[in-house]
Amino acid sequence: MERRPRIEDYAPIGDMQTAALVCRDGSVDWLCLPRFDSPAVFTSLLGTEENGSWRIGPACATGTRAPYADRRGYRGDSLILDSEWDTPTGTVRVTDFMPPRGGHSPQLIRIVEGITGEVEMDSALCPRFGYGRHRPWIYEHQGRTVVIDGPDALWLDATVETAEKEGVLVSRFTVAAGDKVAFALTWHSSHHLTTPEIADTDIALDATAEFWREWVSRCTYDGPYRDAVIRALITLKAMTYAPTGAIVAALTTSLPETIGGVRNWDYRYTWLRDASITLSALLRTGYRQEAEAWRQWLQRAVAGDPDNLQIMYSILGERELPERELTWLPGYEGSAPVRVGNDAAGQLQLDVPGEVIDALYQAHVHGIARCERTATLHLGLVDYLKRRWREPDDGIWEVRGGRRHFVHSKIMAWVAVDRTVRLVEAGVLDADPAELVELRDTIHAEVCEKGYDPVRNTFTQSYGSGELDAALLLIPRTGFLPPDDPRVIGTVAAVRRELATNDGLVQRYLTDGDRVGVDGLAGDEGAFLLCSYWLVDALGLTGELDEARALFERLLTLRNDVGLLAEEYDAVAGRQLGNAPQAFSMIGLIESAVLLYELKQAAVPVIAA
């Protein structure tokens with residue numbers, strides 16, 4: 001029987017270079033090797049089991065649905081996943097993890113332990129390279145199983161016998177209380193003359209646990225909701241590509257924003273916006289090392305050419321990310337097309353320099369030392385904005401329906417200049433402050449004139465439009481206007497009225513079914529979870545602290561059983577939507593938790609609307 005797990009049924013494990021998604025039934029349905037944006041070897045998440053998967057769990061009859069684990073969770077503050085099944089004959093645990101790479105090849109390790117009684121177990125490893133398209137060559141070599149497809153090879157080491165059946169490596173074994181069976185799957189280039197070492201799974205487990213203990217111990221946040229914040233931070237760390245410091249927006253591609261729809265995009269790349277906001281969240285919780293690594297990646301990616309700034313790059317800093325469709329995959333629950341690559345890389349988004357410069361400003365505030373190359377890049381970005389800020393752009397949401405004068409983009413251009421002024425006044429940057437102040441004031445005046453609707457008392461999505469945009473909720477947080485400004489309070493009220501559900505779930509902007517909207521696409525989408533956290537922030541800043549806290553706690557209930565969020569949420573169906581886990585959503589959780597704590601500590605007075 002075909003499985004139909006929900007997006008929230010998946011939990012990631014990873015090694016800071018790639019990641020696997022493990023379903024509640026013990027099946028690994030997504031894994032790209034050797035890095036986040038490589039072709040997947042397990043792709044059943046976007047197709048069927050024939051597109052590649054690896055299930056380990058209690059044995060079940062052919063044609064029956066594999067049982068979901070009765071319990072699962074990460075082991076302490078780590079990325080080690082434990083799943084337990086209670087069966088009529090006993091209880092069994094499967095532990096899944098990927099050891100951080102220390103010069104060795106990427107490994108997926110799965111350890112089966114008997115807890116009580118005896119349990120008959122199945123392992124079915126179906127490797128399919130090229131996003132589920134290629135059936136590999138499988139053979140035995142010195143007692144090890146080797147799986148090869150072109151340049152890629154997988155080496156399977158197991159403490160039980162494994163046999164090949166029609167391209168699937170299967171094992172059936174029984175574990176009693178105290179028994180342990182281990183599997184290690186190692187990626188290796190098929191061109192290497194050497195073979196990968198056989199993993200000592202116990203040592204690897206201990207080393208992985210120690211890595212996460214040490215990393216989490218560096219967190220400086222000790223306020224409310226700390227467990228939720230720590231889980232979000234661990235997830236963001238798992239989405240950071242260790243060799244370069246780049247941060248991917250999500251671990252997946254083409255998980256739909258609406259079931260059966262076409263809003264299916266590849267998020268396994270580094271958006272400057274997403275990474276900049278991630279950097280802010282990490283800095284606010286004590287992680288300076290990640291900030292320095294990201295700054296170095298930024299220098300390499302943008303190089304010496306801010307005029308040709310892209311909104312996104314590969315995790316290595318590559319610029320070419322051509323978008324194509326994988327026609328052999330039906331998509332998650334029939335949501336086609338499945339896309340890899342992303343044509344948004346060629347868009348003009350004038351908010352991005354603002355997010356990057358704000359991140360560099362936050363780095364300064366948190367004690368990251370001045371860097372001449374970064375200063376040059378910073379001033380280059382400001383010069384770029386001087387020439388282009390008046391142009392229409394594609395906006396924060398990467399619309400494909402034509403460029404507009406998006407208000408959020410103009411506000412972030414103001415942020416870029418404002419933060420630059422602050423750094424010049426602090427002696428960190430060398431520039432003419434008078435010219436910058438004049439530019440800052442000019443942008444501010446134009447936005448207040450052209451981007452504000454005085455009749456409705458709200459800022460609008462773009463100049464002269466009647467539509468709203470959830471990104472307007474950021475106005476008080478950016479400092480563009482103070483939280484008690486009537487225009488801010490009116491904008492927050494308008495967004496709540498027109499874009500939010502009664503439970504505070506916020507859409508990015510209105511969509512209208514079959515009618516093509518501002519984004520150039522037909523169809524609807526779920527509530528955007530980051531926007532809901534922005535509403536938390538806006539409520540808190542405008543004095544509605546109790547209401548902000550209540551909304552934050554409602555949003556916590558939308559996380560899956562291991563504390564994770566995808567990109568969006570379908571309030572009607574009660575399920576997560578979009579690529580998962582989503583950095584934006586986890587960032588929103590962290591930033592809102594920290595802000596609520598700061599507001600409580602500061603005892604901000606309530607501002608009457």
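What to note about this one:
- From the list Ala209, Ala204, the lone residue that is touching a strand residue (DSSP E or B) at 6+ places or on another chain (Cβ under 7 Å), of a type in the set (Gly, Ala, Ser) and assigned to a helix (DSSP H, G or I) is Ala204.
- Across the stretch 122-130, a minimum of one residue is classified as part of a strand (DSSP E or B) and small (Gly, Ala, Ser).
- Qualifying position, being farther than 30 Å from Thr252 by Cα, touching a Pro at 6+ places or on another chain (Cβ under 8 Å) and assigned by TED's automatic domain parsing to the domain that holds Ala416, among Gly578, Gly543, Gly479: Gly543
- Number of residues in the stretch 241-269 that are in contact with a strand residue (DSSP E or B) (Cβ under 7 Å, 6 or more places away or on another chain) and farther than 21 Å from Ala573 by Cβ equals 10.
- Residue check, Leu589 among the aliphatic types (A, V, I, L, M) and under 17 Å from the mean Cα position of the chain (by Cα): yes
- Every pair of residues 6+ apart whose Cβ atoms lie under 9 Å, when the first sits in the stretch 410-427 and is more than 11 Å from Asp358 (Cβ to Cβ) and in contact (Cβ under 8 Å) with a residue 12 or more places away in the chain while the second is in a loop (DSSP other than H, G, I, E, B) and acidic (Asp, Glu): Lys410/Asp351; Ile411/Asp351; Ala413/Asp351; Val424/Asp430; Val424/Asp432
- Selected residue (only one of Thr48, Thr62, Thr18, Thr89 is of a type in the set (Val, Ile, Thr) and surrounded by 19 or more Cβ atoms within 10 Å (Cβ to Cβ)): Thr18
- Residue match in the stretch 227-245 (condition: surrounded by 21 or more Cβ atoms within 10 Å (Cβ to Cβ), touching a Pro at 6+ places or on another chain (Cβ under 8 Å) and assigned to a loop (DSSP other than H, G, I, E, B)): yes
- When residues of the stretch 529-548 are limited to those that are part of a loop (DSSP other than H, G, I, E, B) and of a type outside the set (S, T, N, Q), the one nearest to Asp485 (Cα to Cα): Gly543
- Count - residues of the stretch 543-586 that are crowded, with 18+ Cβ neighbours inside 10 Å, among the aliphatic types (A, V, I, L, M) and more than 21 Å from the chain's Cα centre (by Cα): 3
- Exclusive hit being at pLDDT 95 or above and under 30 Å from Gly563 (Cβ atoms), set Ala204, Ala246: Ala204
- The residue list Val506, Val437, Val495 contains one member that is over 28 Å from Val382 (Cα atoms), more than 22 Å from the chain's Cα centre (by Cα) and either surrounded by 15 or more Cβ atoms within 10 Å (Cβ to Cβ) or at pLDDT below 95 (or both), which is Val495.
- All of (1) under 22 Å from Phe211 (Cβ atoms); (2) surrounded by fewer than 24 Cβ atoms within 10 Å (Cβ to Cβ) hold for Pro5 with one exception: (1).
- Annotation: of all residues in the stretch 277-331 being in a loop (DSSP other than H, G, I, E, B) and among the β-branched types (Val, Ile, Thr), the one that is farthest from the chain's Cα centre (by Cα) is Thr327.
- Residue within the stretch 102-111 that is part of a strand (DSSP E or B), among the charged types (D, E, K, R), out of contact with any helix residue (DSSP H, G or I) (no Cβ under 7 Å at 6 or more places or on another chain) and not assigned by TED's automatic domain parsing to the domain that holds Tyr241 present: yes
- Among residues of the stretch 131-140 being free of Cβ contacts under 8 Å to residues at least 60 places away in the same chain and in a loop (DSSP other than H, G, I, E, B), the one that is farthest from Ser189 (Cα to Cα) is Arg135.
- Residues in the stretch 452-471 that are surrounded by fewer than 22 Cβ atoms within 10 Å (Cβ to Cβ) and not polar (S, T, N, Q): Tyr452, Asp453, Pro454, Val455, Arg456, Tyr463, Gly464, Gly466, Glu467.
- Against the conditions (1) farther than 21 Å from Cys60 by Cα; (2) within 36 Å of the chain's Cα centre (by Cα), Leu169 satisfies every one except (1).
- Per-region count, the stretch 143-172, residues loosely packed, with under 14 Cβ neighbours inside 10 Å and free of Cβ contacts under 8 Å to residues at least 40 places away in the same chain: 5
Table: residues versus (1) farther than 13 Å from Arg268 by Cα; (2) assigned to a loop (DSSP other than H, G, I, E, B); (3) in the same structural domain as Thr186 (by TED's automatic domain parsing); (4) under 16 Å from the mean Cα position of the chain (by Cα).
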position: Ile13; (1), (2), (3), (4): yes, no, yes, yes
position: Leu21; (1), (2), (3), (4): yes, no, yes, yes
position: Asp25; (1), (2), (3), (4): yes, yes, yes, no
position: Leu31; (1), (2), (3), (4): no, no, yes, yes
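- Scanning the stretch 366-398 for residues that are closer than 19 Å to Ala293 by Cα and out of contact with any helix residue (DSSP H, G or I) (no Cβ under 8 Å at 6 or more places or on another chain), we see that the one that is surrounded by the most Cβ atoms within 10 Å (Cβ to Cβ) is Ala375.
The values are calculated or read from the model by the stated rules, or taken from the named source; none is laboratory data. This one's a predicted model, so the numbers in the text were calculated from it and none came from an experiment. Every residue, glycine among them, receives a Cβ derived from its backbone with ideal geometry; neighbour counts consider all protein chains shown.
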